[in-house]
1. For the chain, can you list the cysteines whose C-beta has no other cysteine C-beta under 4.7 Å from it?
2. Hey, for a label at residue 29 modelled as a point 7 Å past Cα toward Cβ, could you say which residues of region 57-76 have their backbone N under 18 Å away?
3. Figure the gain on full extension for residue 220 and residue 96 (residue separation times 0.36 nm, minus the Cα-Cα span) and round it to one decimal in nm.
4. Evaluate the distance, in nm, between pseudo-label points positioned 7 Å from the Cα of residue 86 and of residue 72 along their respective Cα→Cβ axes.
5. So, in nm, how far is label residue 160 from label residue 337 when the simple model puts each one 7 Å beyond its Cα toward the Cβ?
6. State the extension gain, in nm to one decimal, for the chain segment bounded by residue 241 and residue 179, taking 0.36 nm per residue of separation less the distance between their alpha-carbons.
7. Highest GNM mean-square fluctuation, the chain, Cα pairs closer than 10 Å: which of 147, 311, 116?
8. Net charge around residue 262, counting only other residues with Cβ within less than 10 Å of its Cβ (Lys, Arg = +1; Asp, Glu = -1)?
Amino acid sequence: MTGLQSQPVAAELTETLPARWYKDPEIWQRERWPIFGSNWIHVAYDHQLRNTGDYVTENLAGWPIFIRRTDDGALTAFYNLCPHRAGPLVFDGEGCSKNLVCKYHGWAFNAEGKLLSARDFGAPAPDNMDLTTIQVASWRGMVFVCLNPATPPLLEWLGDFPKEIEGVPLESYRYHSKSVRRVACNWKTYGDNFVEGYHLPTTHPAMSRDADALNYKVEFKGDLRWNIHTMPPRDESTFSVFGYFWPCFAFDVFPGGFAIERWLPRGHTHSDLIFEYFFADDAKEIEETVKFSEEVADEDARMCEHVQRNLDAGNYNTGLLSPKWEYGVGVFHDLIRDAVGPID
Ligand code: FES
Ligand SMILES: [Fe+2]
């Protein structure tokens, strides 16, 4: 054994998840259902789904799904999968589809996903060939889905988190813009990075000039699935509050606006890092704020890609977590271990 693998482990320190967890396709398969299928995942916004027939698709940890607004104003969500021969009901992206008709051979479904007609099938429309619905709900303009029907409703699942951020006037801010980066790292590599402030002075020197990064705090308030980060700003114009909710949802609050930050896995080797910015109509220096946030995101993405290459290299197994700064990483790893169960 070489390198860090040969270092003795101090009994009181916590080890990281082994490198294998970040690169083994079998572990990714073990993660998919308990983590991404059984938790509520934020995938869209109410403003994308205003009118009857509006839809948004997503590839949720490998499951193609779509959300659609029905003519009575309700949100519905389905696997984007026709029971005939697995054709799509809508193509990828977002749009408006007044009727639910499979793109492949034209089977038609009602708004609730019940089969209405099997076009020119040569036999009566078969029974039990409806679309599979999935849970969908919106909270404060954000639309979440959950594949597992046994998971409690969204508001119950969110626990005390809504209370914690009820003072942030999300609804008074207007959608501004979005950025998407395809980052060559496992979703957990980015997650590890989000839940600690240890890297700020070194990875984000410009941010640390504007804020007191040495007093960055990650606080847990009873429920280990979420945490709130605070960093004293040096003046009125910088970031100061961040939040994280398991498994891949986060937000950044800054003067006059906020960003939703999420990282959706694209298999076990890549993640899409998505930022959506919202601002008050009278917010100042919007373009500068977005530019600065994007630079920070570039720094994180570059660092996570480099860490991932090192995790993949084969001469590192586990590291040690700083008890002062990286408690949140240990909690994140415990949630992953609990969800996946023992690995041989
Ligand atoms: S796959 Fe949908 S109609 Fe054939
Ligand atoms: Fe960072």
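Nothing in this text is a laboratory measurement; each read-out follows from the coordinates by a stated rule. Treat the numbers as computed from the prediction; the structure is a model and nothing was measured. Positions of Cβ are generated from backbone atoms using ideal geometry, with glycine treated the same way; all protein chains shown enter the neighbour counts.
1. Flagged as lacking a Cys partner: 96, 146, 248.
2. Zone members listed by number: 61-64.
3. Details: separation 124, 0.36 × 124 = 44.64 nm, distance 4.10 nm.
Answer, rounded to one decimal: 40.5 nm.
4. Here the modelled spin labels are 3.4 nm apart.
5. 2.5
6. Working: separation 62, 0.36 × 62 = 22.32 nm, distance 2.03 nm.
Full extension from residue 241 to residue 179 adds 20.3 nm.
7. Looking only at 147, 311, 116, the largest GNM fluctuation is found for 116.
8. On the way: positive: none; negative: 261, 272, 276.
So the surrounding residues net to -3.
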